[in-house]
Structures are given as C-alpha cells and as structure tokens.
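Everything below concerns the one structure shown next.
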Amino acid sequence: MGTEFANKHIGCTVHNCEHHCCGEEYCSLDKIEVGTHEADPTKCQCTDCLSFKLKKG
Ligand code: SF4
C-alpha cells in the first residue's frame, strides 16, 4: 500500500516502492538517501535509491 503524500521535490516512478506516492510520480518521504553499488560510478544506472523499500502485498 502506497501513500497519498507527494513530496514535489523528489520525483520517482518506482511504483514497487512502499514510499512511492500512489497517486502521482513522486516520493512520499521528506528525504531520501542515494548511493551507488559501483566502486567508480560513471552513469546514472550506477546509482541507487537506498531508501527503497519493497511494497508489501
Ligand atoms: S524511497 Fe526512493 S524508490 Fe522509494 S519512492 Fe522514494 S525515491 Fe522512489
């Protein structure tokens, strides 16, 4: 179940995330953490939203 709150400063299209605003393409958190799984990141695909949490159900 997502949330109705949309943080207009954080656009997001990851609908599988529990923090996604189910009504619009935004995150519902006040702040997110972005990181990387690469030793030497060179493109956006190297970065990850570390605040991602799999939506239940
Ligand atoms: S926590 Fe990250 S992946 Fe989840 S809705 Fe927010 S920005 Fe998107």
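Observations
- Proportion of all alpha-carbon pairs of the chain beyond 14 Å (%): 53
- Electrostatic bookkeeping for G11 treats Lys and Arg as +1 and Asp and Glu as -1; over the other residues with beta carbon under 12 Å from its beta carbon, the sum is -1.
- Working from Cα pairs under 8 Å separated by at least six residues, relative contact order for the chain is 34 percent.
- Candidates per trypsin sites (Lys or Arg not before Pro) in the chain, loop by DSSP, up to 15 other Cβ within 10 Å: K31, K43, K53, K55, K56
- Average accessible surface for the chain: 76 Å² per residue, computed with a 1.4 Å probe over protein heavy atoms with every protein chain in place.
The values are calculated or read from the model by the stated rules, or taken from the named source; none is laboratory data. Nothing here was measured: the structure is a model prediction, and the numbers come from that model. Here the Cβ is made from the backbone with ideal geometry for all residues, glycine too, and neighbour counts use every protein chain on show. Protein only, heavy atoms only, side chains kept; ligands, DNA and RNA dropped before computing areas. Shrake-Rupley method; radii C 1.70, N 1.55, O 1.52, S 1.80 Å.
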